[in-house]
Structures are given as C-alpha cells and as structure tokens.
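Asks: Handing you a structure now.
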Amino acid sequence: MIESWGGLATSGVEILGDKLENLLRDAVLSRGLGRAYGDAALPANPKDKVVSTRLANRILFFDPKNRVIEVEAGISYRELNRVVWRKNLAIPVSPGTEFVTIGGAVSADVHGKNHHSAGSFGDYVVSLRVVLASGDTIEISDSKEPELFRAVIGGMGLIAHIASVKFKLEEIPSPWIEAETFVGENLDEVIELLEKLRDFPFTAAWIDGCARNNGRGIVYVGRWSKKRIDIPKAPSTVSVPFRPPCSVLRNLSIELFNTVYFLAKSLSAKRTVVSPYSFYYPLDGVNNWNRLYGKKGFFQYQCVIPEDAGKNAVKELFKLIWKRGGLPYLVVLKDMGSRGKGILSFPIKGYTLALDFPFTKENIKLAYELDAFTIECGGRVYLAKDALLTKENFSKMYKDSIDRFQEIREKWNKDFKIRSKMGVRLFGDPK
Ligand SMILES: Cc1cc2nc3c(=O)[nH]c(=O)nc-3n(C[C@H](O)[C@H](O)[C@H](O)COP(=O)(O)OP(=O)(O)OC[C@H]3O[C@@H](n4cnc5c(N)ncnc54)[C@H](O)[C@@H]3O)c2cc1C
C-alpha cells in the first residue's frame, strides 16, 4: 500500500534503491518522502513501477566559492540543512517541513516564507540530470533543452524522472533566525501587517480559522541572525504511532486550541533569536501528526488569489467558508512574489491561503465552491496539496500553461509512460 500525506492510499509497491538512474530507466513514477497531500505521488495503476528516491541521498559536487551544490534527488532538507548550515550556507527556499526531498522540491517548485523576497526553489536550480521515458539520461538547464527544463520544474513528476539537482545555495551569517511576532485583531490588520513588513525576508501569518467573521491572526517575520554562531540542535520529537479509527481533532478541541494559541502568542509577542527548526518547521516536532486526522484523513486547500483580485477577495473567501459552516483546522496566509519559472509552477503575485480540512462530505463540497471562487478571481490551486480538483477546473486555473506543458510532455514522454494518479485525474492520462 502506498499512502499520501493526507491519507489517500493505493495498492502498489515502492521500489527502494541507491542505484537511482538504473532504477528510474523503466519507472512509471518517482516518489520522494511522500509529503504531497493528494495523489501526486501515488501510482495510476497498482502494477506501475514506483521508484522511491529516499536512499539516493549523496552530495555529488560542491563548489563553496560559487555556492553551487549538486545532490542526488532523494536527499532531504533535513539531511542537507545539517551539512550546509555548518558552512554558513542555506538552501535558498524551504517548505514548512524538513521531510521533503530535493527532487520533490523541484517537482513542486516549492515556495517558503521568503517567497515575496526570494521566489521559489526553481529559481535557484542551475541544471538537472533527468531520466527520460525513453530510458536515456540527459542534463537540462536554461541553455540545454530549456523548454523541458521549465516543464520539469513544477511539473509534478509527470514528464521525466529527476536523478540529481545542481543548485545555488544562499550565504547566511548563521542558521539562527531573528524573529518577531505581530498581532492582527482581524483579517484587515493581518493583511496590512504582511504588506507593511515586506522588508523582512521571511513573513507568514497564522490565522484563527475558527474566529468566524473576524480572522484574527499572528504574523511571523524573521531574518537570518548575526547574534549566534553555534549550530542549532534538532529538537527531540514525539511520534503518533498509528492512525486512530476516527479523528482526535474534533471541532470543539480545535476551536479551543486556536483560542488558546492566539491568546498565548498575543501575550508573548516579542523579538527574539530562535532556532530555524522552530521558525521554519514547527510541525516537525510531532512525527506523523497527519495520523491524528484518523482513517479518513484530511486535505489541504491551498490556493493563490492574484493581487489584481484585491485584498477583499481574500476576505470574501473566508466569508464563504464561514457561511458554509466550514472550520479549517490550520490556516496560513502568505503574500506571494513573482511568478515561478516552471510552466506549471503554482506561485503568482498575490495572496496564498492554506487551509486544512478533515475529509468529510461537507468539506469536499466546500472545496468545490472554493474552486469556483478561486477561478472567478483568476487564481489557482497548488498541485502539491491538491486531491480534489476536477480536470475542468484545473484547465481553467492553469489555462495559460496546460497546452504548452502537454506539447512538451508528448515530445519527451511518449504515450505518457511517466504518469501518476494525479495525471489521470487532471490530464486524462491513460491508466
Ligand atoms: C507539513 C507540510 C508542509 C509543507 N509546506 C510546504 C510549503 O511551505 N511550501 C511548499 O511549496 N510546499 C509545502 N509542502 C508540500 C511539499 O513541499 C511538496 O509536496 C513536496 O513536493 C514534497 O516532496 P517529497 O519529497 O515528499 O515528494 P513526494 O510527495 O514523494 O512527491 C511529490 C511530487 O514530486 C514528484 N517527485 C518526487 N521526486 C521526484 C523525482 N526524483 N523526479 C521526478 N519527480 C519527483 C512526485 O512524482 C510527485 O509528483 C508541505 C508539505 C507538508 C506535509
């Protein structure tokens, strides 16, 4: 059985091995640490050969002077952070968990708290070694097969398998973060704070999604610190050992949790030097926290509302959720900078909202309504989080990129040999 982070499962077997290029030659799908929430890393057919890159985690090349590194696709942020932080370097863009492979980061063209100031991961990729559907391995970059390069970045593993990634690191004074928190008593205030604080390289807001008709929140900002030079220790973690039959995060406890969290953070709002683990990866302290949602699992609705649609559109989206009685368990709001380099990259200038919902009939219905609203605003849903988009809505959201992406796919991935369950759902690929 192969599972997604949100709890979707398919029959099939993952093949693990460290001779990555050999294994990928006849693979149908490559998979990293399985952190995509929906079906992006699930096979379309249980018989498809799914190759897990997890054991291919070597550093292949390092040029400290130019800050260029080449790694095998299966190395994780956790493994690489340990190495580069010691050299006053950092991976320039990081998602909200360290349990993501660099191959997965390229495929989703991930963004982080610094998207408004630094763009997405693809912007730092110098070149990729990819295994094509034909079984050949080639190197691609902005100058070698540039169209394919831009299709693989953000291409959700649907066009070629990534064997290794060469990219540019960022120089940092230390791995510690000088962090500050600000309180927004309602959505207007939170959005204003995010705009006012754009000079900070890192910004993101946590919103109390249960505070109906209000949307109060805490804005987190930060920058790399010059005040500490020691190497931060990874925090100890606790683990959720199994998936309980039903969710332990019930509505009442989540409302209570959000209220307590908001009050505690409001009272303790201050400027302080914090470990990158608590700043970047607060959820990593509990291993497999996704299991708390029980057997039915959960989904994350992450969309971006373009700047042109206006700030009011963000408020309207919340109003729609509250009107339907939706209670998102975890809500993050972040302003996005410029468009990603990949043809299918998610980021566009505007506001991105990520909302966790347990899988219930009502919440699924709500997600379809949110899709309609997002389309009306000219926005789109993030494929790395998506489990529910229809082919029709997907083509409306990514209308300026799909034809170009499919043309490149047809050229390099004949008969759609490389495919996933998501590819069948969104592109109508053969099973
Ligand atoms: C708690 C949490 C927080 C997150 N926060 C963020 C965030 O802040 N920003 C953000 O952008 N994303 C975020 N994500 C999403 C995550 O960064 C992406 O889903 C990422 O792609 C997961 O990487 P992975 O190694 O787990 O890949 P998987 O989930 O295994 O695969 C994801 C996709 O990448 C493809 N893929 C993986 N490896 C390869 C390869 N070698 N070659 C070709 N294709 C490949 C797969 O086919 C699949 O389509 C978060 C996820 C979680 C669980």
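The values are calculated or read from the model by the stated rules, or taken from the named source; none is laboratory data. Just so you know, these numbers come straight off a predicted model, no measurement behind them. Methodologically, a virtual Cβ is constructed for each residue, glycine included, from the backbone with ideal geometry; neighbour enumeration extends over all protein chains shown. Each accessible area value is taken on the protein alone, full model and side chains, heavy atoms only, with ligands, DNA and RNA left out. Shrake-Rupley method; radii C 1.70, N 1.55, O 1.52, S 1.80 Å.
Asks: Report the accessible area of D142, computed with a 1.4 Å probe over the heavy atoms of all protein chains in place, in Å² rounded to the nearest 10.
Replies: The value for D142 is about 80 Å².
Asks: Taking the alpha-carbon centroid of each part, what is the distance from the stretch 315-393 to the stretch 181-250 in angstrom?
Replies: Each part's Cα centre sits 18 Å from the other's.
Asks: I'd like the accessible area for S30, computed on protein heavy atoms only with a 1.4 Å probe and all protein chains in place. Round to 10 Å², please.
Replies: 30
Asks: Can I ask one more? Taking only C-alpha pairs under 8 Å that are 6+ residues apart, what is the relative contact order of the stretch 80-231 in percent?
Replies: With pairs under 8 Å counted, the relative contact order is 24 percent.
Asks: Using θ = phi - 60° and the Karplus relation 6.51 cos²θ - 1.76 cosθ + 1.60, list the HN-Hα couplings for the stretch 53-67 in order, rounded to whole Hz, with x at every Gly or Pro.
Replies: Each residue of the stretch 53-67 in turn: 8, 4, 7, 9, 10, 8, 8, 9, 7, 8, 10, x, 5, 9, 6 Hz.
Asks: Same structure, new question: Given H placed on each backbone N at 1.01 Å, which residues far from R58 in sequence or on other chains put an amide H within less than 5 Å of it?
Replies: E72
Asks: A further question on this structure: Tally Lys and Arg at +1 and Asp and Glu at -1 over the other residues with C-beta under 12 Å from the C-beta of E171: what net charge comes out?
Replies: That sum, taken over residues with Cβ under 12 Å, equals +3.
Asks: Would you list, by chain and number, the aspartates and glutamates whose Cα falls below 12 Å from the Cα of K295, excluding same-chain residues fewer than 8 positions away?
Replies: The reachable aspartates and glutamates, counting only those whose Cα sits under 12 Å from K295, are E3.
Asks: For the chain, which DSSP H helices look membrane-span-like by this rule: Cα extent along the axis of 18 Å or more and mean Kyte-Doolittle of at least -0.5?
Replies: Length and hydropathy pass: 251-268, 311-323, 361-376.
Asks: Further question: With a ≥ b ≥ c the root eigenvalues of the C-alpha gyration tensor of the stretch 161-285, is it rounded (a/c under 1.5), prolate (a/b larger than b/c) or oblate?
Replies: Oblate, because a/c is 1.5 or more while a/b does not exceed b/c.
Asks: Go ahead and estimate [θ] at 222 nm for the chain from helices alone: -39,500 (n - 2.57) per DSSP H run with n ≥ 4, summed, over the residue count, rounded to 500.
Replies: Theoretical 222 nm ellipticity from helices: -8000 deg cm²/dmol.
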